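The values are calculated or read from the model by the stated rules, or taken from the named source; none is laboratory data. Being a predicted model, the structure only gives us computed values, none of them experimental. Cβ: placed from backbone, ideal geometry, glycine included. Neighbour counts: every protein chain shown.
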Amino acid sequence: MADEQKKAYDPNFKYDVAAQPGGEQIKVCFSCGTCTAGCPVTDVDARYSPRKIIRQILLGQREAVLSNELLWYCETCYTCSAYCPQNVKFGDVMRAIREMAVAEGYWTPEFLQRVRNVDRLAHELRLDLVRAALRTSSEAGAVSIESAAEVVSDKIKKASV
Ligand code: SF4
Ligand code: SF4
């Protein structure tokens, strides 16, 4: 098989993923879609689907998976892993295929670090917003997040993402 063809379609892709820590169960996925139904990212962008990514891995679509920007959309919240009837640990699979995508040159190590910084900042911002909600919880009607706006915008400006 020519190298280019092999990159686009690689029957060993699923074995490579299964060999990663947490990737062992991927081959028993029966495509029920429970993971996608509970995914908070799918909720805001329907193009992102863990079920579909697993399907692509099982079909050997190595290049399509590793080069796709959707790879970076996962929040690694592990909701999918918690409800999977086949015990597929998709959060771990996602971590593994990100490392593979960097090792195979589709993305740079700097970009991987950048996404880690984004994740950390997102967690900090969530805490700020929850604290703001707690401060305003006694008010009637909608919870205002305006009291957090200043600190949130300051954090975004200072963050090195
Ligand atoms: S919930 Fe589990 S078995 Fe169902 S599609 Fe997702 S990974 Fe596959
Ligand atoms: S770990 Fe990723 S794919 Fe799984 S539910 Fe969370 S965001 Fe979705």
Quiz item: Within the bounds of the stretch 106-114, is there any residue that is within 13 Å of ligand 2 (Cβ to nearest atom), farther than 20 Å from CYS35 by Cα and not charged (D, E, K, R)?
Solution: no
Practice problem: Of the conditions (1) in a loop (DSSP other than H, G, I, E, B); (2) at pLDDT 90 or above; (3) β-branched (Val, Ile, Thr), THR76 clears all except one; give me its number. | Solution: (2)
Quiz item: Looking at ARG98, is it more than 16 Å from ligand 2 (Cβ to nearest atom), touching a residue at least 24 places away in the same chain (Cβ under 8 Å) and not β-branched (Val, Ile, Thr)?
Solution: no
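Name the single residue that is farthest from ILE57 (Cα to Cα) among those in the stretch 75-91 being in contact with a Pro (Cβ under 8 Å, 6 or more places away or on another chain) and crowded, with 20+ Cβ neighbours inside 10 Å.
CYS80
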Quiz item: Taking the stretch 17-42 as the region of interest, how many residues are more than 10 Å from ligand 1 (Cβ to nearest atom) and crowded, with 16+ Cβ neighbours inside 10 Å?
Solution: 8
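Suppose we filter the stretch 132-148 for residues that are assigned to a helix (DSSP H, G or I) and either surrounded by fewer than 12 Cβ atoms within 10 Å (Cβ to Cβ) or modelled with pLDDT under 70 (or both); how many remain?
4
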Quiz item: Can LEU129 be described as in contact (Cβ under 8 Å) with a residue 24 or more places away in the chain and either outside the structural domain of ALA8 (by TED's automatic domain parsing) or exposed (fewer than 12 other Cβ atoms within 10 Å of the Cβ) (or both)?
Solution: no
